[in-house]
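One structure below.
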Amino acid sequence: MSISTHAADFTSQADLSAGLFGKKEKHTAKTLQGTPVSPGYASGTLVIYRSPRVSVIERRFIEPDEVEKELSRFAAAIDHAAGEVSLIRQQVAADVGETEASIFDAHLAMLRDPLLNSHVQERLRKDNLCAESALAEEMKTFCEQLTAGGNDYMRELVMDARDVGNRLLRHLVLDEGQRPLANLPENSVIAARDLTPSETVSMNLDNVSGIATEQGGPTSHTAILARSLGIPAVTGLTGLLEGATPGTVCLLNGTKGTVVINPSEPQRKRFAGLRRQFEQSQHLMRQMENRACRLTNGTRIKLRANINQAGDVNLANEHHLDGIGLYRTELMYLSALSPPSPATQCRHFRRAAGACAPRPITIRTFDFAADKHPSFLSIDPASPMELRGLQFALNYPRLFKSQIRAIVRCARDFPNTRILFPMVTGWWELQEALDLVKAASEEEKLEQPLPVGAMIETPAAIFALPEIVKLVDFISIGCNDLARFTLARERNTAGQTISENALHPSLLRAIQQIVRTAEQANCPVSICGEAASAPIMASVFAGLGIRELSVSPARAPVVRYALRHVSLETAVNAAERAMHAAPSAAMKDLQQTIPEELQKILSLEPVTKHLRSGLPSHQRAANGVPAAS
Ligand code: PEP
Ligand code: MG
């Protein structure tokens, strides 16, 4: 990634008058190149967000006369945290039950623990540490002692202690003026080191015109969220926050991956021109919206939507899609202080299923990750989670059963409902989940069977596929995680494009193998990872035998447009060649073989940008990338 500053002639009124008096100052714009993760053009006011990362507390010392102030900050943090925990306890007792609620009694006891309190106070007085440093160090020692105890009970206590410690630290850090993103000025372009999905959803999104981060890649959960919300976003912007001044004008190009802070007049004009061009191409694609998605030879490809909340179904309907292929349900947990009850969840599901009917709606059970988990679960965001997907859910039976019950209830009223399990790795765990569905269906007196699907997103699932397909009604390939676990690449890595991963021959061969195994078992198969939203990849997938794609609704027009310009023969041949070529060579080949009409549209696409250079990413970084707006 490169940073460049741009000296340009000034043309604003203030600059002109300065020029009249001969004080011609240089206009300095800062241009950064990152990874485009959500297309579109945003211009607005730069808002800098520094997330309070409670796991990384710097050691800070105070003056002796500040001790009293720190002691009262610490006492206030305890009061706030205790108030919050009491509220959660009440909600859990009402929604889930007394047994679960009692977990929070332990949290309350820890918060008021006299020993912990006196230790922290001592560190404040004797070592002159500020409240958060003293607390962070005491919590660390406390957790280490508990971990050394080595038994399950102690380990559980460590989780509770971390949760309590993080909650307290959050209050202390927030006291220092680092407020969440609730009050944003209109047309804000948010600049941050990174954003978690919960931070993203806590923003007043109506006022957010763009998102720029130093970290994260195209399949990070925040990037996915930005795409589905239609907010232009760029990640991997090294040096973004260095010397950045809040309130400066900022241009963000989510299609090319550039961000210009304090742009010159020529840069603004050029940006406005590109924005117009982008809007015209969007318009062109929209005109095809109500046509069926077919390849030029007539092969039908079902196009479904990936959504995050019930309201997103409207977007899928606007784009004339064939239903919902992936309803990620994590969001309703992220914004909740306590586990949502089956009734609450069911309300969301019914709303979505009703809006989607009679087309299918595929509700995926929760798949929490280190950067995407509810605050009521004690998970340390700094350490990777031990289990993911279905394995994780089976470890939280109450939470899992309550979600299954809500989905089953929804299916009672809306037979278009389907259930999908994430990150399946073995048929026996899938069987456990099916048993839970069966029990809930009997209890809820569901008359028709609920169609069940498994996500194939780990190599383990591919090896277990012959058994898995016998148990389910459909499978869905999650190629974001499949790429991660097959190619040993971090999912959130900045600088990698979606196609760079998806065009890896091993991934393409894995997908081909999945399609063949599913076909033999007569089991429908779709792809719902982000690569399906990249038009060039959508045609390669069609060439591999995929007949159903689930995409971000905002990406549906370009995917449909691309597929309607490609024949099955072209797609099959391209896929065949790609399975035997390096990703950069495959991309070049694809670009040369697609119709010219499509090439023009794809040149505006973010996902092909890096591969066009044909250089591996480390060389690209060394060579720099053009700093265009
Ligand atoms: C995937 O991994 O491709 C997928 C669709 O699941 P998620 O992005 O929600 O992990
Ligand atoms: Mg996944």
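The values are calculated or read from the model by the stated rules, or taken from the named source; none is laboratory data. What you see is a predicted model, and the numbers here were worked out from it, not measured in a lab. Using ideal geometry, Cβ is built from the backbone for each residue, glycine included, and neighbour counts are taken over all protein chains shown. Keep in mind that these areas ignore ligands, DNA and RNA; they rest on the heavy atoms of the full protein, side chains included. Shrake-Rupley method; radii C 1.70, N 1.55, O 1.52, S 1.80 Å.
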Evaluate segment 477-488: report whether one residue or more is within 16 Å of ligand 1 (Cβ to nearest atom), closer than 25 Å to I324 by Cβ and not in a helix (DSSP H, G or I).
yes
Checking Q277 against (1) over 30 Å from I363 (Cα atoms); (2) without any contact (Cβ under 8 Å) to a residue 12 or more places away in the chain: exactly one of these is not met. Which one?
(2)
Cβ contacts < 7 Å: first residue within 15 Å of F474 (Cβ to Cβ), restricted to segment 395-423; second residue of a type outside the set (D, E, K, R) and open to solvent by 60 Å² or more (accessible area, probe 1.4 Å), any location; separation 6+ or different chain. Result?
N416/P358
Among the candidates A627, A575, which residue alone is within 30 Å of L229 (Cβ to Cβ) and either assigned to a helix (DSSP H, G or I) or at pLDDT below 90 (or both)?
A627
Quick check on my filter: what residues within segment 448-464 are within 16 Å of ligand 1 (Cβ to nearest atom) and out of contact with any Asp or Glu (no Cβ under 6 Å at 6 or more places or on another chain)?
G453, A454, M455, I456, T458, P459, A460, A461, I462
Count - residues of segment 439-466 that are within 24 Å of R359 (Cβ to Cβ), among the aliphatic types (A, V, I, L, M) and away from ligand 2 (no atom under 16 Å from the Cβ):
4
Residue check, V469 against (1) away from ligand 2 (no atom under 16 Å from the Cβ); (2) among the β-branched types (V, I, T); (3) surrounded by fewer than 22 Cβ atoms within 10 Å (Cβ to Cβ), all met but one. Which one?
(3)
Could you identify the single residue in A483, A502, A488, A538 that is among the aliphatic types (A, V, I, L, M) and within 13 Å of ligand 2 (Cβ to nearest atom)?
A483
Among the candidates G426, G389, single out the residue that is within 16 Å of ligand 1 (Cβ to nearest atom) and either open to solvent by less than 20 Å² (accessible area, probe 1.4 Å) or in contact with a Lys or Arg (Cβ under 7 Å, 6 or more places away or on another chain) (or both).
G389
How many residues, within segment 517-568, are of a type in the set (D, E), within 16 Å of ligand 1 (Cβ to nearest atom) and open to solvent by 10 Å² or more (accessible area, probe 1.4 Å)?
1
Only listed residue being assigned to a strand (DSSP E or B), among the hydrophobic types (A, V, I, L, M, F, W, C) and either surrounded by 15 or more Cβ atoms within 10 Å (Cβ to Cβ) or under 27 Å from the mean Cα position of the chain (by Cα) (or both), chosen from A244, A223, A212
A212
Considering N290, N297, N253, N317, which residue is among the polar types (S, T, N, Q) and surrounded by 19 or more Cβ atoms within 10 Å (Cβ to Cβ)?
N253
In this structure, is R398 open to solvent by 40 Å² or more (accessible area, probe 1.4 Å), over 26 Å from A355 (Cβ atoms) and either more than 16 Å from ligand 2 (Cβ to nearest atom) or in a strand (DSSP E or B) (or both)?
yes
How many of the residues in segment 347-369 are more than 16 Å from ligand 2 (Cβ to nearest atom) and crowded, with 23+ Cβ neighbours inside 10 Å?
5
Are there helices (runs of 4 or more DSSP H) fully within segment 425-475 with at least 3 residues that are of a type outside the set (V, I, T) and touching a residue at least 40 places away in the same chain (Cβ under 8 Å)? List them.
427-443, 465-471
Can you tell me which residues in segment 264-281 are open to solvent by 40 Å² or more (accessible area, probe 1.4 Å) and either among the hydroxyl-bearing types (S, T, Y) or within 15 Å of N253 (Cα to Cα) (or both)?
R268, K269, R270, A272, R275, R276, Q277, E279
Against the condition assigned to a loop (DSSP other than H, G, I, E, B), out of contact with any Leu (no Cβ under 7 Å at 6 or more places or on another chain) and open to solvent by 20 Å² or more (accessible area, probe 1.4 Å), how does R509 come out, does it pass?
no
Filtering segment 309-332 for residues that are in a loop (DSSP other than H, G, I, E, B), under 20 Å from F400 (Cα atoms) and touching a Leu at 6+ places or on another chain (Cβ under 8 Å) leaves a count of 1
Whether any residue in segment 402-423 is within 13 Å of ligand 2 (Cβ to nearest atom), assigned to a helix (DSSP H, G or I) and either crowded, with 16+ Cβ neighbours inside 10 Å or not hydrophobic (A, V, I, L, M, F, W, C) (or both) is what I want to check.
no
